[in-house]
Amino acid sequence: MCNADGTLSAHFGQAPHVVIVTIEDGHEVSRETRPKPHNPPHEHHEHDHAQGHGRGHGHDHDHPGKFSPLADCQMMIVRGIGQPAAAHAERLGVALYAVAEKTVDEALGAYLEGKLSHDPRRIHS
């Protein structure tokens, strides 16, 4: 999930785009940017997620639309994601990596080198 400048969004729900990368035999063969469907902002977006808010969002009904650009994907890489969206990805069978890398290229490079690691602390409760 990324911003227009190629940085990974700090929160899956706020990312305007997804970058779809096709990998074959350990190499990138194509890259496509897809818009993410717009959902109205929720009140919980008005505070700083870095501080954490310790409560569930309760917006699981919003996630199917947010995941529609990923319908043909096997995994997703994010810098941050809410627990309900992470659970929705799991139900869809999409592997989730919540990572510290700041750009699509950094995360993809780490993945291709076998060095990308999932940090469960980046899943907001």
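The values are calculated or read from the model by the stated rules, or taken from the named source; none is laboratory data. Predicted model, so just to flag it, every value in this text is computed and none were measured. Note that we place each Cβ from the backbone using ideal geometry, even for glycine, and neighbour counts take in every protein chain shown.
The residues of segment 93-109 that are over 18 Å from R31 (Cα atoms), surrounded by fewer than 16 Cβ atoms within 10 Å (Cβ to Cβ) and touching a Lys or Arg at 6+ places or on another chain (Cβ under 8 Å) amount to a single one, A100.
With respect to V78, determine if the residue is under 12 Å from G13 (Cβ atoms) and either touching a strand residue (DSSP E or B) at 6+ places or on another chain (Cβ under 6 Å) or modelled with pLDDT of 95 or more (or both).
Numbers: under 12 Å from G13 (Cβ atoms): yes; either touching a strand residue (DSSP E or B) at 6+ places or on another chain (Cβ under 6 Å) or modelled with pLDDT of 95 or more (or both): yes.
So V78 fits the description; yes.
Taking the criterion of being at pLDDT 60 or above and surrounded by 12 or more Cβ atoms within 10 Å (Cβ to Cβ), the residues of segment 43-75 that qualify are G65, K66, F67, S68, P69, L70, C73, M75. Count of segment 88-125 residues, restricted to those that are in a strand (DSSP E or B) and of a type in the set (F, W, Y), is 1.
The lone criterion from (1) acidic (D, E); (2) within 15 Å of L8 (Cβ to Cβ); (3) free of Cβ contacts under 8 Å to residues at least 60 places away in the same chain left unmet by E113 is number (2).
When R121 is tested against (1) over 12 Å from the mean Cα position of the chain (by Cα); (2) modelled with pLDDT of 85 or more; (3) more than 18 Å from S9 (Cα to Cα), only condition (3) is not met.
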